[in-house]
1. For residues in the range 120-150 being in a loop (DSSP other than H, G, I, E, B) and more than 17 Å from the chain's Cα centre (by Cα), which is nearest to GLU208 (Cα to Cα)?
2. Going through the range 86-102 one residue at a time, which ones are hydrophobic (A, V, I, L, M, F, W, C) and closer than 23 Å to SER24 by Cα?
3. Got at least one residue in the range 146-162 being out of contact with any Pro (no Cβ under 8 Å at 6 or more places or on another chain), free of Cβ contacts under 8 Å to residues at least 40 places away in the same chain and surrounded by 21 or more Cβ atoms within 10 Å (Cβ to Cβ)?
4. Within the range 197-214, work out how many residues are surrounded by 15 or more Cβ atoms within 10 Å (Cβ to Cβ) and either out of contact with any strand residue (DSSP E or B) (no Cβ under 9 Å at 6 or more places or on another chain) or farther than 15 Å from VAL105 by Cα (or both).
5. Out of the range 163-190, which residues are in a strand (DSSP E or B) and either in contact (Cβ under 8 Å) with a residue 60 or more places away in the chain or in contact with a helix residue (DSSP H, G or I) (Cβ under 9 Å, 6 or more places away or on another chain) (or both)?
6. What do you reckon, is SER202 part of a strand (DSSP E or B) and closer than 22 Å to ALA79 by Cβ?
7. Run ILE193 past the list (1) in contact (Cβ under 8 Å) with a residue 60 or more places away in the chain; (2) among the β-branched types (Val, Ile, Thr); (3) outside any helix (DSSP H, G or I) and report the number of the one that doesn't hold.
8. Working only within the range 207-236, note down all residues that are touching a Ser or Thr at 6+ places or on another chain (Cβ under 9 Å), closer than 13 Å to ALA95 by Cα and assigned to a loop (DSSP other than H, G, I, E, B).
Amino acid sequence: MKIAVALKQVPTRDALLRLSESKSWIEERDVSFEVNEPDAYALEEALQLKEKHGGEVVVCSLGPPRVQQAIKEALAKGADRAIHFEDTQFTQLDANGTATVLSKVLESERPDLVLTGLQSDDLGYAQTGVILAERLGYPHATIVMEIQIDGEKLRVKRELEAGWFQWVSMPLPALLTIQSGINKPRYASLRGIMQAKSKPISKVTAGELGLGSEDLSPKQNIVRLYVPERKSNTEFLQGSAQQMAAQLVDKLRNEARVL
């Protein structure tokens, strides 16, 4: 069984973030990065499935040279090889652009199973895996908490709202987006770290995939990022108790937006 895992590198959760001059993203020069948490769970699930059913785990990651750190960490944990999509045109892609890039290679790789994290810790769109499944023509399920494989059949447990779960059956090949907490991600062993040095990492550019700027133009853009202003204000409501209650509900609903 061949399992492909999409891995993203994101700013560490405790990083001190500063806005870039354009105010459309953060300044990345002084920020440390780590593997996206949901993707770490997806990688661990892929490794456990490989141990049960055999095969190989292929890690796919987009980004600048710093992404090599995340890739090597995945290889040290047990992934067999990696594909690094490294090109200036791959920076700040939206979910559709990322799925477009990944699909170009995965179409030829033809994995039996593609695993992605449910969403990224930095943007949180939760759309890359869904769009990728559509581009590959794979059946898919989201928010997956358990995976059972029997031959060419797949049975997964999905997390729903209010503590409910749903079991879904589908054929292979398929794509699943993994929920955090599905397993306990392992640490890389010393032996794994040493073995990772000899594992292959293929580098792919936009030109090699036949992709141009038009193919990767974002369908959505971040117009502006800003730090919320801290301010306090006191307002006295007037009228009868019934009138003040109505005013308070209106402000909570339309101004504070907590109702």
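The values are calculated or read from the model by the stated rules, or taken from the named source; none is laboratory data. Quick caveat: nothing in here was measured; it's all calculated off a predicted structure. Cβ sites come from the backbone with ideal geometry, for glycine too, and all protein chains shown count toward neighbours.
1. Within the range 120-150, the first condition is being in a loop (DSSP other than H, G, I, E, B), and the residues that meet it are 120-127, 137-139.
Filter once more, keeping what is more than 17 Å from the chain's Cα centre (by Cα): 137-139.
Details: GLY137: 22, TYR138: 24, PRO139: 27 Å.
So the residue we want is GLY137.
2. Restricting attention to the range 86-102, the residues satisfying the condition of being hydrophobic (A, V, I, L, M, F, W, C) are 90, 93, 95, 99, 101-102.
Passing the criteria: PHE90, LEU93, ALA95, ALA99, VAL101.
3. Step one: list which residues in the range 146-162 are out of contact with any Pro (no Cβ under 8 Å at 6 or more places or on another chain), which gives 146-151, 155-162.
When the remaining residues are screened for being free of Cβ contacts under 8 Å to residues at least 40 places away in the same chain, the result is 146, 148, 150-151, 155-162.
Restricting the remaining residues to those that are surrounded by 21 or more Cβ atoms within 10 Å (Cβ to Cβ) gives 156.
Yes, the range 146-162 has at least one match.
4. Step one: filter the range 197-214 for residues surrounded by 15 or more Cβ atoms within 10 Å (Cβ to Cβ), giving 199, 201, 204, 206, 209, 211.
After this cut, where a residue has to be either out of contact with any strand residue (DSSP E or B) (no Cβ under 9 Å at 6 or more places or on another chain) or farther than 15 Å from VAL105 by Cα (or both) as well, the list is 199, 211.
Adding up the residues that qualify gives 2.
5. Our first condition is that a residue be in a strand (DSSP E or B); within the range 163-190, this holds for 165-171, 174-178.
Matches in the range 163-190: ALA174, LEU175, LEU176, THR177, ILE178.
6. When the stated conditions are applied, SER202 passes them.
7. Going through (1) in contact (Cβ under 8 Å) with a residue 60 or more places away in the chain; (2) among the β-branched types (Val, Ile, Thr); (3) outside any helix (DSSP H, G or I) one by one, ILE193 breaks only (3).
8. ASN221, ILE222
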